[in-house]
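Asks: Sharing a structure below in structure tokens format, with a few things to ask.
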Amino acid sequence: MAEPDPEPIAFGAGQRLGAPETLGISTLDPAHRPPAMPPGRHVTVRVRMLDDTEELFDVSQKASGKVLLDLVCSHMNLIEGDYFGLEFQNHQKIIVWLDHIKPIIKQLRRPKHTILRFAVKFFPPDHAQLLEELTRYLFALQIKQDISSGRLTCNDTSAALMVSHIVQSEIGDFEESKCRSHLLNNNYIPDQMPLIDKIMDFHSRHIGQTPAESDYQLLEVARRLEMYGIRLHPAKDREGTRLSLTVAHTGVLVFQGHTKINSFNWAKVRKLSFKRKRFLIKLRPDLNSSYQDTLEFLMASRDCCKVFWKICVEYHAFFRLYEEPKRKPKPVLFTRGSSFRFSGRTQKQVIDYVKESEFKKIPFESVDLLPVFTCFTHFFVSHSNVGAGSNSPCLSASACHPHGMVNGQKSLELCGHSPGGRQPSPLTSPLLNDAGSIRTDDEDEVRRKVFPTDQAYFIAKELLTTERTYVKDLEVVTVSFQNAVGQEEATPDSLKKSIFSIFEPLHKFHTGFLREVEQRLALWEGRSNAHIKGDSQRIGDVMLKNLQPLTVSLHKQSEALLELEKACRSCPRLEDLCRDFELQKVCYIPLNVFILRPLHRLIHYKQILERLCKHYPATHVDFRDCRAALADVSEVVEQLQGSLIKMENFQKLLELKKDLTGIDNLVVPGREFIRLGCLSKLSGKGLQQRMFFLVPSRCSVMFFPCRPMFLLQIRESEDEWGVPHAFTLVGQQQSVVVAASSLAEMQKWMEDIRVAIETAKTTNGSNGFLTFPECPEDSAVEAESEDETAASQTSLERPAPHRGNTMVHVCWHRNTSVSMVDFSVAVENQLSGNLLRKFKNSNGWQKLWVVFTNFSLFFYKSHQDDYPLASLPLLGYSVSVPSDSENIHKDYVFKLHFKSHIYYFRSESEYTFERWMEVIRSATLSSSGARGPITVWSGEAAVSGKYSISILFVVRKHLRLL
């Protein structure tokens, strides 16, 4: 037992969370008790916690390692203790995990002189799988240790961001003197001093974050790093090259230094074994792979091999098995190989156990638990979004609240929910009819009787609807674009080979995949007798079968985009053909976006599978296939993530090149697009609207009339000039005053420019010069008439011979801006499906097939149409639920509003309603933040010098199609 202490527990979680001395009561399981101790002589074991405090535990010498771990978890009221372990240095100076099955006395030679470290053992792919707030806090402490020791390596920006979240959780909201003093007295990362200013800048953006939110954000940053949860084991390959082996939830990984060079997914691994110093990975046969059947790595010793092998066995069992493997009977005569096996709950069992505890939990308002609740009141109030007095009626009602929060997580939904607070029957499903007008209540009743209401069905239906749009997008390349340029002599053979040879097999494959999904959904909807057995009410088997061969062919998409740009640059005729093709109705988004669609689609598959795995109980017939498919897709997405980010940035630079006239050398390696949008420049004639474009330039640049200036600072100047949302770019010889359309827009621009100025001071190298055409003085340029400016601002919905919904158009007319971060978010948030649309003053509802992509809604009569009837760019719009005064007496309705423009849309279920709201918010609520050094160009000011940050504003005559 832990030694009693009259003071509050010394463990860091208790100190920060405000919890009292352990009462053996968890936030999720009131029945959590210390483990039973076997009889025998006791020994004292010292355990160092994650906050570097030490605890003493009295255990029986005959107790197993699992008993000691359970005792530690009981001391902390930790339910999800299976993610953790106790590690120590054995007599061979090797760091090993305490075996759960073996007695402690057989593992620790000198227990009194051995210090065990309580640490995270299993790192899940998503910290959202951690259901308890205390567990996430312990993970945050582990990340804090890893970055402090240099084990979790990353770039300076990520390191500074993580430290800023740690500081926010420890000292609260930003105060400059307090923050700087704290950083000077506490070292969180190696070589912290040069990053103090950057850490403070990030810290200033976290105002209002609770400690729990800071923990969550810290884990959100950490889990995206390549070295997250990695414990390297030195090895060599057959050629003697120094490598490192490690294991993760996905499988066995190979590192060279701190760079991952290979990975072997669990689905590909047939057997892991070791023989003396050799660690062997036997792979499943794969005709498309160049790997040998068995891979061999040489480690320092047999013991090193065995240690790593045991970790691999445990990782595989914890993340891949449904339940703890059964113990094999001991052989009578002799044994062959190691008898080691995984002991403990698997991740699935841990999640199920915590979820089941929700039903067993005693209500807080119970009289017997009032003293306990009083003890934990400070925990809830200070560390989560839930907290109320013991007599609060909100606590008793939370069990039926659809968005009730328990320990920072959503509670089980026991009541129905619909927008506007109404409580409809869970069978209500206002599906869309074929007529496309007003449906009667009788039609609704028929639909309720026929169609399923399980959320898994609507997730599978989202797969169907988005797959229909994706197949149509592939046809744009394989049919329409090929007909436009495929027969032209100007089209290089290399382009035909790189694009059409990639997309034609993809189109054929996805056509067959779509057919299978349609057939499965038809069975699921009950259009035959197959649904009676329940065999058809799943989709994971279809995805697993089709996604495994698909992921092999997606590594060449970046080559196709590069080849297209190269061919257009060398052949003006082909460039004109591509530009003409983009003006066709069938090409409703930029051509380059179609080229990257297969990579985007892979992300969508991952999201759909994640939602299915989260929805299904582990015992569901479809859970195993969905989880296996998710593992395969996640591995490929992880491999392609870096390439996708580069290609998205490359695509945006190509679009920017098309929208600006006379600017050369814009698309060069290493240059990143940051933000585009509208600002108003203050001049003698007042505020003049200008388009601003932010891209990096690490060299000295001279633009237009050469009046060099060093951009030294940026400051708010609303009070100075009397102009709302104004700020000034200050140089050595000149300053420029601009104004944004809102306070939020001003903050986004100022944040990006300020980060750029600081980043430029630490950036070396060059990524190319930018050249501009001859241009008159700014005063002459601004002399264009107000009538000409007004005439250009036509309605975006009005038909035009060119694409009128490019980002330049929308930002100009809506007086807003978009960042590269927004574009990246938009890639992940795409949706298709039937919606009913209603205008503000109309009576009936019109059925439409709606595609959301590229910040816009595109409207079709049906999913079979080749091109949209109309489009609605959403930048500047707000999305909400109609109020009672609007008299929209229907369920699952959301409203889009911009100035006097109001549209209502009806979805078919609560799930689809929430999905449409989610993706539309991603377009209407833009993000901020810069990825690197930026340049703001100016037609009247230029920058040159060691740290070059320059500004450019472009008048309408230098933008295409405005």
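Asks: With all protein chains present, how much of the accessible area of region 585-683 (probe radius 1.4 Å) comes from carbon and sulfur, to the nearest whole percent?
Replies: Values: 1800 of 3180 Å².
Within region 585-683, the accessible surface is 56 percent carbon and sulfur.
Asks: With a 1.4 Å probe and every protein chain left in place, work out the accessible area per residue of region 455-659 in Å², rounded to a whole number. All intermediate terms of the calculation are to be shown ahead of the outcome.
Replies: Details: 8360 Å² over 205 residues.
Result: 41 Å² per residue.
Asks: Using θ = phi - 60° and the Karplus relation 6.51 cos²θ - 1.76 cosθ + 1.60, list the HN-Hα couplings for region 248-255 in order, rounded to whole Hz, with x at every Gly or Pro.
Replies: Computed from phi, the couplings for region 248-255 are 9, 5, 7, x, 8, 10, 10, 10 Hz.
Asks: List, in order, the whole-Hz ³J(HN,Hα) value for each residue of region 487-496 obtained from phi through the Karplus relation with A = 6.51, B = -1.76, C = 1.60 and θ = phi - 60°; use x for Gly and Pro.
Replies: 8, 6, 5, 6, 7, x, 4, 5, 5, 4
Asks: What accessible area per residue comes out for region 830-923, rounded to a whole number of Å², with a 1.4 Å probe?
Replies: Values: 3740 Å² over 94 residues.
Normalised by residue count, the accessible surface of region 830-923 is 40 Å².
Asks: How far, in nm, would the chain grow between T44 and E87 when pulled straight, counting 0.36 nm per residue and subtracting the alpha carbon separation?
Replies: This chain segment gains 13.8 nm when fully extended.
Asks: Which of rounded, prolate or oblate describes region 455-659 when judged by the alpha-carbon gyration tensor and an a/c cut-off of 1.5? Spell out each step's value before the answer.
Replies: Details: a/c = 2.71, a/b = 2.04, b/c = 1.33.
Since a/c reaches 1.5 and a/b is larger than b/c, the shape of region 455-659 is classed as prolate.
Asks: Let me ask another. Whole number in Å², please: accessible area per residue of region 42-223, 1.4 Å probe, ligands, DNA and RNA not counted. If you can, show how the numbers build up before the last one.
Replies: Details: 7240 Å² over 182 residues.
Accessible area per residue: 40 Å².
Asks: Heavy-atom accessible area of K62 with all protein chains present, probe 1.4 Å, nearest 10 Å²?
Replies: Its accessible surface works out to 140 Å², give or take rounding.
Asks: Here is a follow-up. Please list, in order along region 635-652, the HN-Hα scalar couplings obtained from phi with the Karplus expression 6.51 cos²θ - 1.76 cosθ + 1.60 (θ = phi - 60°), rounded to whole Hz, x for Gly and Pro.
Replies: Karplus values, whole Hz, x for Gly and Pro: 4, 5, 4, 5, 5, 8, 4, x, 5, 5, 4, 5, 5, 5, 5, 4, 5, 5.
Asks: Hey, any idea what % of region 42-223's accessible area is carbon plus sulfur with a 1.4 Å probe?
Replies: Values: 3410 of 7240 Å².
Heavy-atom surface of region 42-223 belonging to carbon and sulfur, 1.4 Å probe: 47 percent.
Asks: Also, quick follow-up: Would you calculate the separation in nanometres between label points at S878 and Q519, each defined as 7 Å from the Cα along the Cα-to-beta-carbon direction?
Replies: In this crude spin-label approximation the distance works out to 5.0 nm.
Asks: Rounded if a/c is under 1.5, else prolate if a/b is larger than b/c, else oblate: which is region 830-923, with a ≥ b ≥ c the root eigenvalues of its Cα gyration tensor?
Replies: Taking the square roots of the gyration eigenvalues as a ≥ b ≥ c, region 830-923 is rounded.
Asks: Using 0.36 nm times the number of residues separating E175 and R224, minus their current alpha carbon distance, what extension gain do you get? Show your work: numbers first, answer last.
Replies: Working: separation 49, 0.36 × 49 = 17.64 nm, distance 2.87 nm.
Between E175 and R224, full extension yields an extra 14.8 nm.
Asks: I've got another one for you. Carbon and sulfur: what percent of region 830-923's accessible surface (1.4 Å probe)? Please report the intermediate quantities before stating the final value.
Replies: Numbers: 1670 of 3740 Å².
Carbon-and-sulfur percentage of accessible area, whole number: 45.
Asks: Starting from the Cα of E489, step 7 Å along the direction of its Cβ; do the same at K614; then give the gap between the two resulting points in nm.
Replies: With each label point 7 Å from Cα toward Cβ, the separation is 5.7 nm.
Asks: Ok, one more. Which cross-chain or sequence-distant (5 or more) residues have an amide H under 5 Å from the amide H of F274, H modelled 1.01 Å from N in plane?
Replies: The list, which skips near neighbours in sequence, is L280.
The values are calculated or read from the model by the stated rules, or taken from the named source; none is laboratory data. If you're wondering where the values come from, they're calculated on a predicted model, not measured in any experiment. Note: ideal-geometry Cβ built from the backbone for every residue, glycine included; neighbour counts use all protein chains shown. Heads up: the accessible areas ignore ligands, DNA and RNA and are worked out on the full protein's heavy atoms, side chains in. Shrake-Rupley method; radii C 1.70, N 1.55, O 1.52, S 1.80 Å.
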